[in-house]
Structure formats: C-alpha cells, structure tokens
Amino acid sequence: MNELIVINRKGLLHIHITICACIACILILPGCITTPVGMAPSTIPLTSSDQYTVLSQEEVSGTSSGISFLNMFALKSLNTEDAKTEAIKSAAADALIDVTVDCSSFNFPLRLFPVITIDSVTVRGKPIKLNR
C-alpha cells in the first residue's frame, strides 16, 4: 500500500513539473500581434471634380519598421509616412485609393516583459494617377 502512495506522489510531482514547464514556455516565448489600424478612401483629399486613372487593380504596399529597447528607447523610429511613400513610389503613382494600414509588433524574448520590440506598419492601396 505504501509503495502505491509513493508511486502516486512521484506521478503527481511529474505532472506538476510538466505543468510548470508549459506555463514557463508560454510566458517566455516571444509574442507577435498584428492589428488593422485603419482604412481611408485615399492618401490625398479627392473631390468629386478630381479625375484619376487607376493604374492597377492589384494593391501595392509599403512597409516601415522600428525597433525599441525595453519599450522606451527607440533605436529606429516607425514612420507611417515612409510606408505610404514607398507604396506610392513602387507603382510610380500620385496617390493611393482604398487604403488600409496594418500594424504588427513582435516582442522578444518575453511576451510580458519585452527587451526588444520590433514594430512594423504596412500601408496598402490601389495606385492612381491624377488627370490634370
């Protein structure tokens, strides 16, 4: 009977160690979050009198990224304007329509206490050329 209790205690200890190891892995593993930030009809103000040509039905995109240390000290700044400009230049366009902006953040090494954070913003839209 005592041998059975010892075996059960060892088995219970093994289960506790396994559960603690799983919880530690979840807390230590890096985390990544992607969030849709917003949508806009265009990157420049367009009125009903403005005429434009859609250069492509496929979306073009531009990305900008930033890196911070301890979420306080920016080593490289994130800039949405750079992402927008990159997308417009990639299609030799004047502006974008049907614009969406996505932001993602990657924390390393801890999800709850990130030492290094890499943020990224992506601007997507259909390129247009203004008819003037």
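Being of a type outside the set (G, A, S) and closer than 13 Å to T43 by Cβ is the filter here; which residues of segment 86-118 pass it?
Across segment 86-118, the qualifying residues are E86, I88, K89, D94, L96, I97, D98, V99, T100, V101.
Is there any pair with a first residue in segment 51-74 that is without any contact (Cβ under 8 Å) to a residue 60 or more places away in the chain and a second that is assigned to a loop (DSSP other than H, G, I, E, B) whose Cβ atoms are under 7 Å apart and which are 6 or more apart or on different chains, and what are they?
Here the result reads S64/L78; S64/N79; S65/L78; G66/S77; G66/L78, each pair linking segment 51-74 to a residue that is assigned to a loop (DSSP other than H, G, I, E, B).
So in segment 46-55, with the set limited to residues that are assigned to a loop (DSSP other than H, G, I, E, B) and modelled with pLDDT of 90 or more, which one is nearest to G125 (Cα to Cα)?
Restricting to residues being assigned to a loop (DSSP other than H, G, I, E, B) and modelled with pLDDT of 90 or more, the top hit is L55.
The values are calculated or read from the model by the stated rules, or taken from the named source; none is laboratory data. All values reported here derive from a predicted model rather than from experimental measurement. Methodologically, a virtual Cβ is constructed for each residue, glycine included, from the backbone with ideal geometry; neighbour enumeration extends over all protein chains shown.
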